[in-house]
Amino acid sequence: MSMRKNKIIRLTISYMIILLMCVVVIYPLLWVIGSSFNPGQSLSSAQMFPKNPTMAHYAYLFDPVKSNYISWYMNSLKISMITMISTIILVSFTAYSFSRYRFLGRKNGLLTFLILQMIPNFAALIAIFVLANRTGLIDTHLGLILIYVGGQIPMNTWLMKGYLDTIPKELDESAKVDGASHIRIFVQIIMPLAKPIIAVVALFAFIAPFGDFILARIILRSNEKFTMGVGLYEMVAKQFGKDFTTFAAGSVLIAIPIAILFLCFQKYFVSGLTAGGTKG
């Protein structure tokens, strides 16, 4: 009986903690969604469940005459997609090289990546701005993409390398006996088996630029080149800016591409994250 009571107590405590975490996560989301349907522009009178909900704020965002939100949205999608594809390609090659080959400087290279992933991008804002200014990449999406891709390589290389280390090397040796080249082994054998970790890297590489504000604010200058983070900030930070409910509507729409990508890759995430963190 005591063991049964202990089990019930542990389960009760576990469910209470889970319930508390759900409240902590869901409560702010409900407020943002509710605020986006509230009439008016002030948050002081906003309600989580508005009595007279309105779609006016969403209509305002999608009106090209009044707002550049569609342009900001497309800019964010473009930058995030290019960053995701470029990161997957580069990280796949670097992780495969560190996992399968033994070469001079391999350990030092891995150690350098380990150190670099401890330093956040915003810690080097001054250096990034000076470098972008001297190379003429200020107010360009290319400059922002290069910064994002470079920042994604260290952490994701370690993550993918850990997963590739779990793939038996006997597969490579068998393919070499059959006459397969290194590129063919990489493309036709290793990469199909690495789909879970590729999905994880793809999601990380997409989310980071899609929700970034600091780096985009440093690099971008023109309103038509803004990403959503910068554009929405300018909406409420300008003089007499008070479009907080419109800001909330724009914030809700940001979650749509991330949610779609997550649902598409969901089946890969558990195996990708766990296997990538077991062996380094």
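FRET efficiency for the pair Leu111 and Phe213, taken as 1/(1 + (r/R0)^6) with r the Cβ-Cβ distance and R0 = 35 Å, rounds to 0.65. Counting only the Cα atoms, segment 124-217 fills a convex hull of 118 Å³ per residue.
The length gained on full extension between Met48 and Leu11, counted as 0.36 nm times the residue separation minus their Cα-Cα distance, comes to 10.2 nm. Per residue, the solvent-accessible area of segment 99-250 (1.4 Å probe, heavy atoms of protein chains only, all protein chains present) comes to 52 Å². Sorting 225-234, 29-38, 91-100 by average packing, meaning the other beta carbons within 10 Å per residue, from highest down gives 225-234, 91-100, 29-38. Computed as a quarter of the hull surface, the mean projected area of the alpha carbon convex hull for segment 12-89 stands at 8.8 nm². As an exercise, use a Förster radius of 30 Å and the Cβ-Cβ distance of Leu263 and Glu224 to find the FRET efficiency, rounded to the nearest 0.05. For R0 = 30 Å, the calculated efficiency reads 0.45. Using a 1.4 Å probe and ignoring any ligands, DNA or RNA, find the accessible area of Ile256 and quote it in Å² to the nearest 10. Ignoring ligands and nucleic acids, Ile256 comes out at about 80 Å². With every protein chain in place and a 1.4 angstrom probe, the accessible-area ranking of Tyr69, Tyr15, Tyr58, largest first, reads Tyr15, Tyr58, Tyr69. Projected label points at Ile138 and Ile18, each 7 Å from Cα along the beta carbon direction, are separated by 5.3 nanometres.
Exposure check, 1.4 Å probe, all protein chains in place: His141 carries approximately 20 Å² of accessible surface.
I'm spelling it out carefully: the read-out is Cα extents along the principal axes in Å, the candidates are (i) 59, 42, 33; (ii) 73, 70, 32; (iii) 80, 50, 34, and one was derived from this structure. Which label? Structure-derived value, by its label: (ii).
Spread over its residues, the convex hull of the C-alpha atoms of segment 1-141 is 276 Å³ per residue.
Here Ile18 sits with roughly 90 square angstrom of accessible surface, probe radius 1.4 Å.
Surface composition of the chain: carbon plus sulfur atoms hold 70% of the accessible area, using a 1.4 angstrom probe and ignoring ligands, DNA and RNA. Once the Cβ-Cβ distance of Ala124 and Val236 is raised to the sixth power relative to R0 = 22 Å, the FRET efficiency obtained is 0.20.
The values are calculated or read from the model by the stated rules, or taken from the named source; none is laboratory data. Just so we're clear, the structure is a prediction, and the values are computed from it rather than from any experiment. Positions of Cβ are backbone-derived with ideal geometry, glycine not excepted, and every protein chain shown enters the neighbour counts. Note: areas computed on protein heavy atoms with side chains; ligands, DNA, RNA excluded. Shrake-Rupley method; radii C 1.70, N 1.55, O 1.52, S 1.80 Å.
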